[in-house]
1. Which of the residues belonging to segment 278-295 are surrounded by fewer than 15 Cβ atoms within 10 Å (Cβ to Cβ), touching a residue at least 24 places away in the same chain (Cβ under 8 Å) and not in a helix (DSSP H, G or I)?
2. Are there helices (runs of 4 or more DSSP H) fully within segment 113-231 with at least 1 residues that are touching a residue at least 60 places away in the same chain (Cβ under 8 Å)? List them.
3. Looking at segment 3-32 only, could you name the residues that are open to solvent by less than 30 Å² (accessible area, probe 1.4 Å) and of a type outside the set (A, V, I, L, M, F, W, C)?
4. Is it the case that some residue within segment 27-39 is assigned to a loop (DSSP other than H, G, I, E, B), of a type in the set (Gly, Ala, Ser) and over 30 Å from Ile163 (Cα atoms)?
5. If we keep just the residues of segment 180-203 that are closer than 22 Å to Trp241 by Cβ and open to solvent by less than 20 Å² (accessible area, probe 1.4 Å), which is farthest from the chain's Cα centre (by Cα)?
6. Test Arg111 against the criterion of being open to solvent by 10 Å² or more (accessible area, probe 1.4 Å) and in contact with a Pro (Cβ under 8 Å, 6 or more places away or on another chain), and give yes or no.
7. Of the residues that make up segment 95-111, is at least one part of a helix (DSSP H, G or I), of a type in the set (A, V, I, L, M) and over 24 Å from His159 (Cβ atoms)?
8. Which residue is nearest to Phe216 (Cα to Cα), if the candidates are limited to segment 143-179 and must be of a type in the set (Ser, Thr, Tyr) and open to solvent by less than 20 Å² (accessible area, probe 1.4 Å)?
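The values are calculated or read from the model by the stated rules, or taken from the named source; none is laboratory data. Remember, predicted model here, so these are calculated numbers, not experimental data. No Cβ is skipped: glycine too gets one built from the backbone with ideal geometry, and neighbour counts run over all protein chains shown. Surface accessibility is based on the protein's heavy atoms, side chains included, excluding ligands, DNA and RNA. Shrake-Rupley method; radii C 1.70, N 1.55, O 1.52, S 1.80 Å.
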Amino acid sequence: MTNNPYLTFKNDELAKSRILAKELNISENDFITIQNWFDLLLLKHEESSSDREEQLKTEKELETKFSELISSEIERKSYKYILPKLLHYNNAFNDAFLRSLYVARLGALLRDNLIPKFVNDKMIVYLPEDFLQVTVYLRDNYFVSPNSNFLEDILKIEHVRGIFKQATAKIKFETLKNILHIIYQKTFHHDIVCFKKILKLVSETDTGLIDYLKKFQVENKQGCYKIINDILNLELENDNWDDFQIKVQLINFFDTARGANPASSWNKKFKELSATVGNNKLLQTANAVIENENCKIYEFDYGAQWSDDTAKRFLKSAQWIKDIL
């Protein structure tokens, strides 16, 4: 029994849930009632076969019980506790830790049905302190699945509600450190979409966060984040905020190179940056990126090799800039 991944997940998740429920002031009755539904979800996931009809029947049963749960069995303020649990279970269901078989209908129930409804429901209110506790609960994972929209959904919870507009610099910093830790854990970075979303959230008063981003590295030491780290640590402007804003523009731009030759949209942005940022800074950045020519392929510990497409886009942009200038 000790090697049962479902039991391991259930015990780990329950311990984290108790802390989250306490921080969000969830009543003991709601805590137990909500946990009963998630226990059933986990059991159905463990028992599920690849039979589609059986999965559809299970999906309908769970959806009906969930509707009963939120309509009459718990307080509405407890919805803010349910949402992070949905994200956590969905991420686990997209991983092979529990089982190698992906249970399609249970994945669809969470990812395509319950999660979007809750993420987009502005009536589910999070104070900045609440959202910080949500990210504490979500920060450590066995695996961060690229198929679960895990990071995207966490960031969307904030975006839909504008939580950081009410947050102190300290709360915002601590919250984003937790989200960055999730990025840090990923075994492979297919893109940097969520990292760029975090860059957009930085404001002039976030000096601690800017310093933290300059030091940020990922666990797998992948090339695309090595390149980003190099760019963030260039000295382009004396003013810290101006310097950071330029680098964010350049990171976004360098990530747009696609195809054998520059597209019209790339050329248009290049001309714009040439006028606003200046050719010297563009060339300085391109030279720094080119030094990472050996980052195009990422090799896993077990020998497999994957193409780092983000690093390739940055290197392609750098070469085009050097060719032009």
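1. Matches in segment 278-295: Glu291 only.
2. 128-138, 150-161
3. Of segment 3-32, the ones open to solvent by less than 30 Å² (accessible area, probe 1.4 Å) are 6, 9, 13, 17, 20-21, 24, 26, 30-31.
Scanning segment 3-32 gives Tyr6, Glu13, Ser17, Asp30.
4. Taking segment 27-39 first, the residues assigned to a loop (DSSP other than H, G, I, E, B) are 27.
Checking the rest, the ones that are also of a type in the set (Gly, Ala, Ser) come to 27.
Now drop any that are not over 30 Å from Ile163 (Cα atoms), which leaves none.
No, every residue in segment 27-39 fails to be assigned to a loop (DSSP other than H, G, I, E, B), of a type in the set (Gly, Ala, Ser) and over 30 Å from Ile163 (Cα atoms).
5. Of all residues in segment 180-203, those closer than 22 Å to Trp241 by Cβ come to 180, 192, 195-203.
Remaining after also requiring open to solvent by less than 20 Å² (accessible area, probe 1.4 Å): 180, 192, 195, 198-199, 202.
Details: Leu180: 8, Ile192: 10, Phe195: 8, Ile198: 9, Leu199: 13, Val202: 16 Å.
Restricting to residues being closer than 22 Å to Trp241 by Cβ and open to solvent by less than 20 Å² (accessible area, probe 1.4 Å), the top hit is Val202.
6. Values: open to solvent by 10 Å² or more (accessible area, probe 1.4 Å): yes; in contact with a Pro (Cβ under 8 Å, 6 or more places away or on another chain): no.
Judged against the criteria, Arg111 is not a match.
7. Looking only at segment 95-111, we keep the residues that are part of a helix (DSSP H, G or I), and these are 104-111.
Still in the list and also of a type in the set (A, V, I, L, M): 104, 106, 108-110.
Then drop every residue that is not over 24 Å from His159 (Cβ atoms), which leaves 104, 106.
Within segment 95-111, one or more residues are part of a helix (DSSP H, G or I), of a type in the set (A, V, I, L, M) and over 24 Å from His159 (Cβ atoms).
8. So in segment 143-179, the residues of a type in the set (Ser, Thr, Tyr) come out as 145, 148, 168, 175.
Restricting the remaining residues to those that are open to solvent by less than 20 Å² (accessible area, probe 1.4 Å) gives 145, 148, 175.
Numbers: Ser145: 21, Ser148: 24, Thr175: 15 Å.
The selected residue is Thr175.
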